[in-house]
Structures are given as structure tokens and as C-alpha cells.
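No value in this document is a laboratory result; all are computed from the given coordinates. Since the structure is predicted, the reported quantities are computational estimates derived from the model, not experimental observations. Neighbour counts run over all protein chains shown; Cβ positions are idealised from the backbone, glycine included.
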Amino acid sequence: MTSLESGVQSHLLSAVLNPEQVRLDVWNRLREEMTRLEARYSEGQVSSDERVAQLLSLFAEVHPIERLFVFPGEARLLRLAEMARRHDVEELAEEVRRLVGLLSRHRDRACLVSEVDGERSGAVGELGPEGSHYFTTLVVDDMEAEDFARVHRGMVDAQRGERQFIYELLQVRSVEDALMAVLVNDDVQACVVRQDLPLRSRSPVKQLRSTLEPILAEAERRGEAASLVVARWVRQLRPHLNIYLITDESLVSRELHTERLFDRVFYRYESAHELNVTVVDGVRERYRTPFFDALKHYASRPIGNFHALPIARGHSVYNSRWLRDMGEFYGPNLFMAESSSTAGGLDSLLDPTGSIKEAQEMAAQTFGAQRTFFVTNGTSTANKIVHQTLLQPGDVVLIDRNCHKSHHYGLVLAGAQPLYLDAYPVREYAMYGGVALSTLKAKLLELKSAGRLDKVKLVVLTNCTFDGLVYHPERVMEELLAIKPDLSFLWDEAWFAYATFMPLARQRTAMAAAKRLAEKLRSRSYREEYRAWRARRGDGDPAAGARAMEERLMADPDKVRVRVYATQSTHKSLSAFRQGSMLHVWDEDFERRASAALTEAYYTHLTTSPNHQIVASLDLSRRQVNLEGFAMVKEAFQLAMRTRERLREDPLLHRYLRLLDAEQVVPEVFRKSGLNRYVGPGSAGVDDMTRAWSQDEFVLDPTRMTLFTALTGRNGFEFRSKVLMDRLGIQVNHTSINTVLLNATIGVTWGSLSFLLDGLRHEVERLELALSQSTEVERRLFDAKVRSITEELPPLPDFSGFHPAFQPSGGVGEGDLRAAFFLAYGEENCEFVPLTEAGAALESGRPLVSTRFVVPYPPGFPILVPGQEVSPGIVEFMRKLDVKEVHGYRPELGLSIFTESALERVASGGARELPEPRARGTRHAPGKGPVPAPH
């Protein structure tokens, strides 16, 4: 992606800027102003000239953006202005109220209302047929009004009889207007572009003019055809839209690359019917859900049930005297759609050849992948599938220690050796950020110097993290591939599935980055740039030595292979059922090196009885985001920004509760753009957003709202349970010692936001009253509690390292996780050490080596893994940790560690053997010698 493309993508979809909201605000102001003017006019308080001037100024304010919508639209706006000039105050006031009411209820679909457009109502009826779907077709053509009216009549006539997909035409006359309409009008689903048209708008939207100027200037400089500019940028900004070219030439020029940029080319407007069916068919194809459609068809058929699911068709439920409430609660369709059969169009998830295969192919296209696979056991399973696909025993994996536990267990199963990397710490909030690129490069170069680079196969990173830290995947992959050209990448995007549908975030998704990187590496310009870079570096290895750490590295285009995998919890941010996930692939060596292995991994980890409802929900969630993901994700960004504004602007709320911003969670060294915060004094402007999302090593996803709770005297766990859950009925699923994470997803509404803010304000008012009435002793206790979770936090436990017994010879810190994991299956190899005695044991020189994963919630990452040495810092962290849930740790027994004899045996060479079958002996009781630690 060029710097222009990257910058403009960020610019145009900056959540700071929302012209559509400005438009709605102006219409509401116009309605209010009309009501006031009507009253004052009846009393003779406003002169005619003054009244007209006020109204016309509001009409002028909304006019540039109103041209980009069908309803009320430019023509109706001009009629209102003419009514104002005629001083038809009462009629004008009534018409404005009516139009604003229709706009609020129906948006652009209001153009179908009979009282608004009699011609249209004759075709489709009041708001269209029941169950129909409305969309807008953008016509980018500077034809005269009478010519457009003729085309419009032809398209309306061609739609007669269509009952599922109804659309209206919206004409814009320039490249600039087309791009503005695509950005601000969410109803646009198809673009019909004329080959020859002007670049610049005669009535631009002022908020977007400066942003679009680089595109227009670049097009002028290069002498590009206007239709190409429109198509290329629409593909960048809203890649899921259908684009059709209208040309006056009988055979369009080959250099227009119509097969890549346009879905079809038409010669003039020769056939309204053909253009209509093409437009409708394009949307119908995107709407289609192959597996869900097959499931509905299956559920509607009369079928005798003699297979292994008694619940199928609901007979075992509805014929039961004790289970009928289950049927009443879930409804009949759930049972009608249950089957263990893969016949009748339902297909097999393990070996798809029909509807599931087709659904996965459509998902790949929607998410920008080469291939997509559905997973019904959650992203934990998707992660293990990737590990088993790409890794063999003994391979080395660079992995963020804070990755989800499924990755660590996946490495155990694969027999690969993790080289754990620590992310940068955010100590004030007891959380980790991301792994710096310098850390990744340094570790790869260290492995290279040690002669172990050939063993490194995979890099595993989380993008975005729980707390909203987003990497720059393209830069990370390019520089690491410069050191090892065949390196593979697994980006855990469990919380980032929505990002594809917002250009601001899309550029930082794994699939978009992989595609851009692959295209860049194969381009002539990159080869020339690479040759010049090599010449400057001299004849030596360009990816070695101190200079490799100081300079930006370039991958050798003749050696590099782009192999990228992304796992997404579709259910976490899109409309899929729980455990519905997708595995996306952009792998240039997939067929040669991964296809067979992935098939075997699929067989290994997926159930042979997948839940059809989960599969169908993945199919449906793809449909939704393909057609309205842009609108819904943009709304989520707006909601997050408004939440941040409200919490900062309210003095009482801000006194006790604050949402963390970039300056709190991204160190300045990673924010070269200078972006500090999204709202408040010195907050990000559009230019800051552009630079940050285009260039910074890490950015903060504004929809991940980390609420700092310590000033209320409650830690994150207490605030979640006692305030949000018990008092307000608000659910969240992640906390740290002094924070609670709030997610602005496509399922959060403005009403939900209002409910949250009202509840938080009520809570701080209660706190303020309680503190004002507290005694001096009570106030000291409160202050001490605040101090304990702001200034006296336990140190974050960095990865202490594997014990030498579990490190391979010549290694640089990687560990044999699998050997340690299975060694703990032998009871004789394990014992417990109480946490209160662990410090003294370490001081005496005894190594304490964990037998298991120890994962406190919060913070939710493993502070110990099998084979890892227990450090004094980890002991201190665990002693100060005030949480109730710690997986892998039994406080009544202590830490499970390997016995000294087991470590000696491992170190002497008897280590890596698989343990003998577990003995069935009696265990020692606590207090009577070492306590064997069950695995």
C-alpha cells in the first residue's frame, strides 16, 4: 500500500469525523428552528428577509451532504428553499416536520413512501413489499437531469415485480462526489460508473475536501481515467460493493483492467432491464447464505428420523411430559434443523464439497483471505489446528508469553519449543502491551548467531490484545522475513473480526497486510528499492549485525514466501453463536506445504458432530457484515468515541472513573505520530489519526474501552461483580487489578450507552455522598485501598526462563514444553511447596520449576508454564494477587514443582523420555512429606 493509500484510508474513516451525523443534526435543528420561526412569524416578530436568510443558511449548510442521499435528497431540499423564498412559512414548517419524521423512521427507504413519490409507490408499494430489502445504487455520471430522469424511469420500470431487493438510484456528478457518497451513505451497495466524468465536486463536503484532495491531485498528475480512480478507491474503502462500468466505447480499453476493478461493463445505458437484473443479482449473491439456505430447506422437508439424534425434529421433546418447556423456550425451528446427516445439501464440515464449502469460499472473499475455514469449537481449537498444521516436534516458535492459553497447549500437542517473549509492561495498570518489533528482531538475530535459525518456523502474536493494542502487521512481517524468508505467522485476531469492515482498522488486519505485502514484494518498484538498499548495505549479510537492529530491514523478493494465518472469534465481535470462529489463510505455499497437514489437523481437533446452528450463524454473520458491516462498525466507533467524550466531560464521573487512552497504554517510543488521546484537551485530529494508524508501531483500538476503577476504591474484579453485575446488570468479561474492559461492539446500542453512563454516574454519586459522610478513620481506609491498587501494585512477572534441564543444547532460551508437561504426569516427579515457603526455598539456592500452567484471572495470561523456573518476582506477584480464580494453583497446597531428583534425572539425559503409565498408588497426605502434585 502506498503512503497515499494508507493515509487516505485512515483519514476518510476517522471516527472523529462523521458527516452523516452532522447531516441528521442539521435536519433536526431545521425542524426545531421552523417550529420557533412559525410561532414568531404568527406573532409578527420576525421580518421576511431575516426569516428567509436564517432558513437559507441552514439549507446551505446541509446541501453538500444532502446531495449524497436519496431522501430527502437535493431536489426536495431545493423545493424547501423555494418555499422559504415564497414565505410559505406554515406549509414549509409542516413539510419539514414530515420529512424529518420520515427520515428518522425510515432513512433513505422513505423514498418508497407513496405520499413522497407517487411514481415509485406504483412500482413497489408503501415502503416496498413486506420483507423486502432496500439499498441505494450510486450512479456516477454527469449526465443532464432530463437524461437521468429517463434512466431512472427505465430502472424503476425494470424493477416491477421484484419483491426481495428494492433500490433507488442516486446520481452524483464527479469522482469526489462518488467517494464522498460511498463513505457517508451506508445504504449504497452498488456503483454504476461512467467512463468519462469530472474529478472535482462543484459542491464538496467541507469536512472531507482536504482529505480527498491528495487523491484528486494524484489522479490529475498521473492522468488517470476518472472511472479507474472511482473503482480503485471504492475497492480500497468499501471492497464489498458491486461496481459496474458504463462506457461509450464499443470495446473498452484493455488498460482499464476492467476484469479486476469492475464486476461488469455495459455499453451506454442500452438496456435498463439488463442493468437492473445485474444490480439486483449482485446484491442477491452477497445476500445468499449457502449453508443456512440448505438448513432451512432441510428443516422444511418431511423426514423420518432413524439416525442418532433423538432430539431432531423435536419428537423426543414435544412428546415428553417432562421436557415440553424446553420446546417452548427454544421454539420448533431449532429441533427441525437438527440432524447428524450430511445429506440433503447440509454438507460435512470435515470434508466440505457443497454448501459449507461454498459458504467458506464466500467468507474468504468477504474477509480478504485466500481460504477460510469454519470452526465450531471456538478459536482455541482454530489455534491448535494452525499449530499442528505448521509445526513439527523440535521446531522453535517465537510467541508472546501473554497469548491465549490455547496457543501454549497447542505447542504441547505439536511438540514445538516456545521461545517466550515479554511484551512491554504497563505497570500502572497491571497489564502488558505488545511485543516490540525490536524485541522480535533481536531474538531472531540471536537465533541466527547461534545457528538455530533453521529451527524457527512460526511467530505467534495477538492482534488486537485484550486491552486494544493493535500491531502494524505488515511492517512486522516484512522486517522479520528479511531475517528468515520462509517464516510463518499466526495472528490471533480473536477480538478483531470486525476490523475488516472499517478501513481505519482494516489496514492492520493480518489478511489485508498479507495481501499488501505479497503484492508489494512482487512489484517492480519494490525490487528496484531492494536493490538500492542492498547496494547501500554492501556485500555482507544485510540482516546481520548491529545495523540490522538500527535500520528498517527489507525482505529479499526472490527468497521470501508470504505465509500468514489468522484466527478470529467471530462470535466475539460479529453476529455468530458462541464458539463460532473462522480460520483465514493467506499462504503462498498452502497447497504444497500446508493443505494436507491442515486437513489432518482438522480431523484431529474438530468434532465429527458439529453444531449446524453454529455453522449457519457463521454463514449468516458473513452475509451481515458483507452488506452492512461498514455501517455497523462505523457506528460502533462513533459510540466508543462518544463514551470517551462523556466520561471525560462529566466532572464527577471523571473524578473517579477514566477510560485509558493511547498515552496511558502505548509508550511514546511506539507513537511516532504524537497521538496522545482520542478525546479531551489536545486530542487527536484527523491528521493525527492518519499518521498513527498508518505509521505507529502500536495503536489503541478506540472500541476497546479500559475503565480505570481504582479511584473508586474498588479493584477491577470487585467493580465488575459488585457494581456492574450486581447493581447495574452490565456484563463484561475482562478485568485487571485496577481496570474493567468495556467493548463497543456492533451489538451495543446508543440506549445501552445511556444506560451505562447513567448507572456509572449513579454509582459515583453514591460514592461521593458516602465519602462526604465518612469518618476520618473510614476516609483513611478508603485512601489506603486506593493506594494499594494504584501505587502498591505487585510487580508484573516477566518470563523467568526455562530450567536448563528443559532447554535444548545450544538454545537461546526456547524450552521443551512438551517434555515438562508430560513429565508431570508421573506423581513421583512432582511435589507441592506452599507459597509462604517458596521465597525461602529460592533464597537457599533450590530451583523451583513449575509442573503446570498457572493462570490467574485477572490478568489472564500464564505466569508459569511447565518447565519454567519460579522467580522471586513471580512469588511476590502471586502473594499480592487479590483474585479468586487461579487456574493450575491450589492455595491450600501451594505451587506444584518438580522434585530435585526429577530435575537431576532430566538434566543427566533421561529427561525427554515419555513417562511411564501412571501408578495407582496412595498419595501422601499434606504435612507428611512432599505432596505429589496431580497434573
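Annotations for the structure displayed:
- Restriction of the trypsin sites (Lys or Arg not before Pro) in the stretch 792-897 to DSSP coil positions whose beta-carbon has at most 12 other beta-carbons within 10 angstrom yields 884.
- About its Cα centre, the chain has a charge dipole of approximately 1660 debye under the convention of +1 per Lys or Arg Cβ and -1 per Asp or Glu Cβ, with nothing else charged.
- Neighbour counts of C-beta atoms inside 10 Å place 196, 186, 798 in the sequence 196, 798, 186, starting with the fewest.
- For the stretch 426-574, relative contact order (Cα pairs under 8 Å, six or more residues apart, normalised by length) works out to 32 percent.
- Three semi-axes describe the equivalent ellipsoid of the stretch 804-910; taken as square roots of 5 times the Cα gyration tensor eigenvalues and ordered largest first, they are 23, 15, 13 Å.
- Degrees separating the helix 612-649 axis from the principal Cα axis of the chain, which is the longest one: 80 degrees
- Computed [θ] at 222 nm, helices only, for the chain once each DSSP H run of length n ≥ 4 contributes -39500 (n - 2.57): -14000 deg cm²/dmol
- Euclidean distance of C-alpha centroids, the stretch 47-100 and the stretch 837-887, integer Å: 69 Å
- Projecting the Cα atoms of 659, 669, 396 onto the charge dipole of the chain (Cβ charges, centred on the Cα centre) puts 396 farthest toward the positive pole.
- Contour excess over end-to-end distance, with Cα ends at residue 887 and residue 308 and 0.36 nm allotted per residue: 204.8 nm
- Potential lengthening between residue 768 and residue 78 on full extension [0.36 nm per residue; Cα-Cα distance subtracted]: 243.1 nm
- Mean separation of Cα contacts under 8 Å, 6 or more apart, over the residue count of the stretch 290-336: relative contact order %: 36 percent
- Straight-distance candidates among the lysines for linking to residue 634, with alpha-carbon spacing under 24 Å and chain neighbours fewer than 8 residues away dropped: 206, 515, 572.
- Full-extension gain in nm, residue 604 to residue 749, via 0.36 nm per residue minus C-alpha separation: 48.2 nm
- Helix 3-12 axis, angle to the chain major axis (alpha carbon atoms, nearest 10°): 70 degrees
- Lys/Arg +1, Asp/Glu -1 at C-beta; the chain dipole; positive extreme among 110, 579, 52: 579
- Cut-off 20 Å (backbone N to label point 7 Å along Cα→Cβ of residue 297), residues of the stretch 609-623: 612-623
- Relative contact order (%) - the chain, alpha-carbon pairs under 8 angstrom, separation at least six: 10 percent
- Charged-residue dipole, Cβ positions (Lys, Arg, Asp, Glu), the stretch 616-659 about Cα centre, Debye nearest 20: 180 debye
- Neighbourhood net charge (12 Å Cβ-Cβ; Lys/Arg +1, Asp/Glu -1) for residue 772: -1
- Normalised alpha carbon radius of gyration of the stretch 310-372 [divisor 2.2 N^0.38 Å]: 1.55
- Cα gyration tensor shape for the stretch 290-336, rounded if a/c is under 1.5, else prolate or oblate: oblate
- Options [x] -0.77; [y] -0.65; [z] -0.50 - which one matches log10 I(q)/I(0) by the Debye sum over Cα atoms at q = 0.06 Å⁻¹ as calculated here: [z]
- Total formal charge among the other residues, if their Cβ is under 13 angstrom from that of residue 316, Lys/Arg +1 and Asp/Glu -1: +2
- Loop-resident GluC sites (Glu not before Pro) (DSSP state other than H, G, I, E or B) in the stretch 189-237 with no more than 16 further Cβ atoms inside 10 Å of their Cβ: 224.
- Here the peptides 686-692, 55-61, 178-184 are ranked by packing, the mean other Cβ count within 10 Å, and the order with the highest first is 178-184, 686-692, 55-61.
- Fewest-first sequence of 464, 830 by Cβ atoms within 10 Å of each Cβ: 830, 464
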